[in-house]
Amino acid sequence: MLKIIITTLKYKILFLVLFFPLLLSAQAYTSYSNEFLTIGVDAAGLGMSKSVVASTNDVNSIYWNPAGLVNVKDFQGSLMHASYFAGIANYNHASFAMPIDQQSALGISVIRFGVDDILNTTDLIDGDGNIDFNKISLFSSADYAFNIAYARNLLFKDLKFGVNAKVVRRIIGDFASSWGFGFDAGIQFERNSWKFGLMARDITGTFNSWAINESEFEKIKDAITLLPGQNQELPETTEITKPKLQLGVAKNWKIGRFFNLLSEVNANIRFAKTNDLFSSNAISIDPAMGLQLDLDELVYIRAGIGNFQYITEFDNTKAISMQPNFGLGFKYSGIKVDYALTNIASVGNALYSNIFSITVDYSFFRR
């Protein structure tokens with residue numbers, strides 16, 4: 001019965017992936033939508049500057065490339081916590097994956113990125129100019145993503161395919177909220193010690209529909225008056241996230257008897273003109289590179305560099321910034337603990353974040 005349900009679901013998802021873009025052709029894409037989904041999950045991947053599209057092979061493949069779920073041979077679970085902007089924002093991730101049979105696997109995950117305890121001062125001053133501090137309240141701005149991923153081998157065991165269906169929920173206190181949905185799809189191919197990966201994010205254009213509390217909007221629409229008419233109209237209630245592509249090539253190297261080196265190079269492609277290292281009116285490419293050295297799959301040292309951007313200095317000259325990352329990992333008795341030190345801004349910015357994650361593989365406990 002489970003195989004029938006999975007097969008039916010597989011073809012329905014394939015139908016939506018192929019034909020849903022036709023329904024969105026008349027809609028305008030939003031340049032920056034659901035940006036919290038680009039942050040990444042799992043300290044191991046972040047320590048390699050997100051250069052894991054070709055090599056990801058565990059429960060965290062739900063995010064990085066669902067095709068990698070085929071390598072999951074038993075129950076796996078993962079948790080991650082990260083604090084950003086000096087603890088102002090919190091990012092949490094939980095995932096679970098399991099094999100369906102020898103050829104396919106299933107995974108689910110949830111992401112929350114939120115800023116809590118924000119001061120709401122819209123009622124601080126009444127119509128007569130009186131200030132009442134008791135009218136200050138607190139609210140949260142939180143983004144959620146719920147994912148279900150399916151992966152299987154195609155034609156032969158070296159070629160894998162995966163698809164990720166996601167539901168997005170975004171809440172800004174009592175001011176506004178939205179529901180959204182979209183799909184990601186990925187492919188991995190492995191031959192000898194070489195690995196290749198392709199990840200298409202928001203392949204259908206992730207759709208978000210906002211509901212705005214107009215009574216609350218009336219309280220704040222004139223809050224910004226730097227420009228005539230600014231904030232006078234209700235914002236757009238529909239967003240469609242532009243598709244993005246990630247290409248990856250990885251190789252495993254054996255160093256001596258106990259050491260293994262994994263190297264990967266990724267190209268992150270967006271269909272817009274940006275400050276990326278390679279940019280045109282139609283497409284922008286941001287390269288990233290990562291290394292992982294392990295001691296007999298017990299201790300891991302990781303490093304990566306990415307987020308190459310052109311920035312404008314105070315004298316209007318152009319310069320290139322980049323983001324280095326560093327990570328450590330330890331695996332024992334089916335439990336892997338990872339740490340990453342990553343800078344979510346530019347090199348010159350001190351907003352470094354300490355990220356921790358834990359992954360549990362139940363197959364160890366069956367021995």
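Here, each number is a calculation from the coordinates, and none is a lab measurement. Just so it is clear, the structure is predicted and the values come from calculations on it, not from any experiment. Positions of Cβ are generated from backbone atoms using ideal geometry, with glycine treated the same way; all protein chains shown enter the neighbour counts.
The table below gives the values:
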{"item": "Per residue convex hull volume, Cα atoms of segment 121-208, in Å³", "result": "131"}
{"item": "Peptide ranges 73-82, 47-56 listed from the most packed, as the mean C-beta count within 10 angstrom indicates", "result": "47-56, 73-82"}
{"item": "R0 of 22 Å, Cβ-Cβ distance residue 81-residue 299: FRET efficiency to nearest 0.05", "result": "0.50"}
{"item": "Mean Cβ neighbour count within 10 Å, used as a protection proxy, ranking 209-215, 272-278 highest first", "result": "272-278, 209-215"}
{"item": "Equivalent ellipsoid semi-axes, segment 261-367, via Cα gyration tensor eigenvalues times 5, rooted, Å", "result": "35, 16, 11"}
{"item": "Value of Rg to Rh for segment 65-152 (Rh from inverse mean 1/r over Cα pairs, i.e. Kirkwood)", "result": "1.31"}
{"item": "Contour minus Cα-Cα distance for residue 131 and residue 313 (0.36 nm per residue)", "result": "61.3 nm"}
{"item": "Over 22 Å (Cα to Cα) - which of 242/318; 50/244; 244/336 fall in this group", "result": "242/318; 244/336"}
{"item": "Percent of C-alpha pairs per 5 Å bin, segment 165-212, short to long", "result": "5, 18, 18, 13, 13, 10, 8, 6, 4, 3, 1"}
{"item": "Kirkwood Rh and Cα Rg combined as Rg over Rh, evaluated for segment 305-347", "result": "1.29"}
{"item": "Pairs from 195/331; 251/273; 195/254 whose Cα-Cα separation, in the structure shown, is over 21 Å", "result": "195/331; 251/273"}
{"item": "Peptides ranked, highest mean first, by Cβ atoms within 10 Å: ranges 155-162, 264-271", "result": "264-271, 155-162"}
